[in-house]
1. All but one of (1) in contact (Cβ under 8 Å) with a residue 12 or more places away in the chain; (2) under 24 Å from Ser104 (Cβ atoms); (3) part of a helix (DSSP H, G or I) hold for Lys551; state the number of the condition that does not hold.
2. Might you check whether a residue that is in a helix (DSSP H, G or I), under 29 Å from Val257 (Cβ atoms), at pLDDT 85 or above and in contact with a Gly (Cβ under 8 Å, 6 or more places away or on another chain) occurs anywhere in the stretch 300-315?
3. Right, Gly532: at pLDDT below 90 and either within 18 Å of Glu58 (Cβ to Cβ) or crowded, with 17+ Cβ neighbours inside 10 Å (or both) or not?
4. Would you confirm, using the coordinates I've provided, whether Val295 is in contact (Cβ under 8 Å) with a residue 60 or more places away in the chain, of a type in the set (A, V, I, L, M, F, W, C) and not in a helix (DSSP H, G or I)?
5. Would you check if there is a residue in the stretch 666-680 being over 20 Å from Glu731 (Cα atoms) and either of a type in the set (Phe, Trp, Tyr) or surrounded by 16 or more Cβ atoms within 10 Å (Cβ to Cβ) (or both)?
6. How many residues, within the stretch 199-214, are part of a helix (DSSP H, G or I) and farther than 15 Å from Thr233 by Cβ?
7. How many of the residues making up the stretch 152-182 are free of Cβ contacts under 8 Å to residues at least 12 places away in the same chain and acidic (Asp, Glu)?
8. Out of all the residues in the stretch 70-81, is one or more touching a helix residue (DSSP H, G or I) at 6+ places or on another chain (Cβ under 7 Å) and part of a loop (DSSP other than H, G, I, E, B)?
Amino acid sequence: MSDAATEKSMAPKRQRMMDMVLFIGGLKEESAIPPSKVNEEIENLKRDIAPLTESILEFPDAYLGEFMGVAQRTRMIEEIHNPSILTEAVASLESALTKINSESVSGLLGLLTDSLNHTKGTDEAPKEGAAGDIEAILKILPELVDKIDSIIGEYEETARSSAEAATIELTSLIDTLENLTSDMGSDPDTTLGGFQKLGAKTRYGPFLRAAAQLKRGKREGRIDDELFLQLLTANLLTELLRGVIMYILNKMGSRTVPQLGELMKTHTSKVQKVIVSMFERGEVEMVGLDGDSPVFARVMTETPGTTLVLKQIIQQLRGILGSLDESLRTSTESILGALDRHLERLLLLGAYEEASLAEPLNELREHTDSATEAVLSTPTSDTSEELQLLVSAGLEAFTRFRLKITLEKGPNLVSDTNVYGEKLDPEVYKTMMDSYLDNELERGTMLILIRELGAMNAKDLAEKTKIPQDRVFSHLLRMKRDELLLLAGEEHGYVLYDVPRTLSEAEIATKTVSDLALQLASARVELESVLGDFKAENIGTLATSLEAFSKARDKLETVTVKGSVIAESVLKGVEDKVKSAVAMTYRTRAKLPSTRPKVTIEELMDVDVPSVLEEYRSQVGYAPLLGFGTIEWEQSKCLGCKSCEIDCPEDAIELKPVIDVQEFFELSEESMKNLPVNKALFYQTVRSLATKKPVGRIKLANEAPGFGTIEVDLWLCVGCRTCVRRCPGPENGALELVLKWNLPEVVKQITSET
């Protein structure tokens, strides 16, 4: 096992997981002190960290006290315009007070609670003239648009500086690549070694794996010299070029094919071919045009919230355009043109620091909402009066406007003919309208709740809105597709959804400090408990609590107000002490012998992940990976779309061009109904034409979109659940993470590959 394991590159998460399994199984040989020396070692540790723990325990109160003082002096809390930030911060501080008694936590809680109550009172107070004069509102927008233009200009200048710095390293990389490819046939092994060194700089995963496989195949005699040279000059070189392109897009921003060709000193036809393959893999996307040339950028896992907010503002302004008089329409069209250009520039930038753009964008969104309110308050028809009843249901401004358009334009579909001389049946129209209005009302209500209360899951939304959970889930998926919602993590196994938010410096500071206050309260309780009754078996808990203090201190160092770090002297004063305490604890833990009996690898089957993690955490001090296991695939729900393969961050899952025909005959009629019509029809056709039930699998010469067999590399899979979340299959999808792990199966897979 060791030879195979050391040869195959291991993901860092997987390495930590293997360490855990070996430790729990008693398979890991450790340099440990004799059991008779354990108590002495524990006493030494207790004596050494005693002078440090007092300062460590006092540091959170000292920091929060200074934070509260800064917040009061700068009136920072008044800059928080997002009620959900205050709500979540208050909840975190209240939870912290249930664990510890702290004057600084109580004081900060009082400050935030007063601000939250004031915000709610302001929201509930009647707003006279909320709609306002639309002309006065729209006159404010150009100044904000210019401010946004200036900030984006600063982003672009920063990106240019980064690109210039990366150009030097890229030039060296390309020169080395040219030297290696000029004479590949004379010494292929040396060329492969040179490629791998370049791959370490580009850090492109598919190349690194392909290079390791090629090297191992040559060494083990499975690949002869002729095939080795062919794979090196074709497959591996192409993977390396993909890595170079990804390096350029990461370091230097979006580029056209001619620009990439010039930077890489490679003919554009070759670059074009490589770009197309990366586009098919879902690694790059077209984000604009430079003249007639498409501009390509790397596909980001998450679009910046400010980009999404700007996109929504543009959609909203475009929606009210038709309700403005000619003079206002002209000026608004000019504003829209500028915002469209700003959006295009942000898309070209890709990732950027959002904080400086948050304030003007939030202000722009507020004025755009007010403009929409003003348009809605203008009476236009009897149908619009009906709309005002819907407005009171609490829909957001842009959603209300969609309903306004629908209610005003919809009757024309029944009374007037279209270009084909057809009219919509009134009964059909009524049914459509009832369904449409219900959906819009439900989605609007959900958006209001999420915006005010923060990220929520389908279960909580169903409870608060009394909408059936399946409909809630359907609405969430639709709104995510329309970029009205974003994924915001998980809670108790449920996916959390949130609206795009642009947090200001004050909001980021308040959220970070309140979250860490709760974490530090829990860590303080654990640390005081361990120090009160210090035993060898509690050393893992000691390490965990000290590590929590250390990480919180590091994170608080990034919290700023008006550009300055808060309580810098407090953070500097505790830095060396907490890091020393952590280091001493881990050194002592490493010396303690394992008390578990040794077991064989074969006995480590169906390891119960949650219980093992908890046991490992108590003994070692941290749980290396919260959420790994075995991915199970259900063919009857698989659409063959490759979403799992494209999105897997470890390249651990793949749709193989292999069809298990006998499974076609095992599918139930219920399963067939949930599949796309064309796929279900294909299965039914195969079943009806077969003269006997087939046995075995069919390996296809080429890939067949929509068909194949999912295979998971147990060695690379780290159980992140990305594939499970991305699967668009019927019901809950075709993939499921089972919290069991089988070490012998991993060993079997590794040895079969070698």
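The values are calculated or read from the model by the stated rules, or taken from the named source; none is laboratory data. These figures come from a predicted structure and were not determined experimentally. Here Cβ is always computed from backbone atoms with ideal geometry, including for glycine, and neighbour counts include all displayed protein chains.
1. (1)
2. no
3. Values: at pLDDT below 90: yes; either within 18 Å of Glu58 (Cβ to Cβ) or crowded, with 17+ Cβ neighbours inside 10 Å (or both): yes.
Yes, satisfied.
4. On the way: in contact (Cβ under 8 Å) with a residue 60 or more places away in the chain: no; of a type in the set (A, V, I, L, M, F, W, C): yes; not in a helix (DSSP H, G or I): yes.
It is false that Val295 is in contact (Cβ under 8 Å) with a residue 60 or more places away in the chain, of a type in the set (A, V, I, L, M, F, W, C) and not in a helix (DSSP H, G or I).
5. Of all residues in the stretch 666-680, those over 20 Å from Glu731 (Cα atoms) come to none.
So far as the stretch 666-680 goes, no, none of its residues is over 20 Å from Glu731 (Cα atoms) and either of a type in the set (Phe, Trp, Tyr) or surrounded by 16 or more Cβ atoms within 10 Å (Cβ to Cβ) (or both).
6. Going through the stretch 199-214, the residues part of a helix (DSSP H, G or I) turn out to be 199-202, 205-214.
Imposing the further condition that a residue be farther than 15 Å from Thr233 by Cβ reduces the set to 199-202, 205-206, 208-209, 212-213.
So the answer is 10.
7. Number satisfying all stated conditions: 3.
8. Checked the stretch 70-81: at least one residue is touching a helix residue (DSSP H, G or I) at 6+ places or on another chain (Cβ under 7 Å) and part of a loop (DSSP other than H, G, I, E, B).
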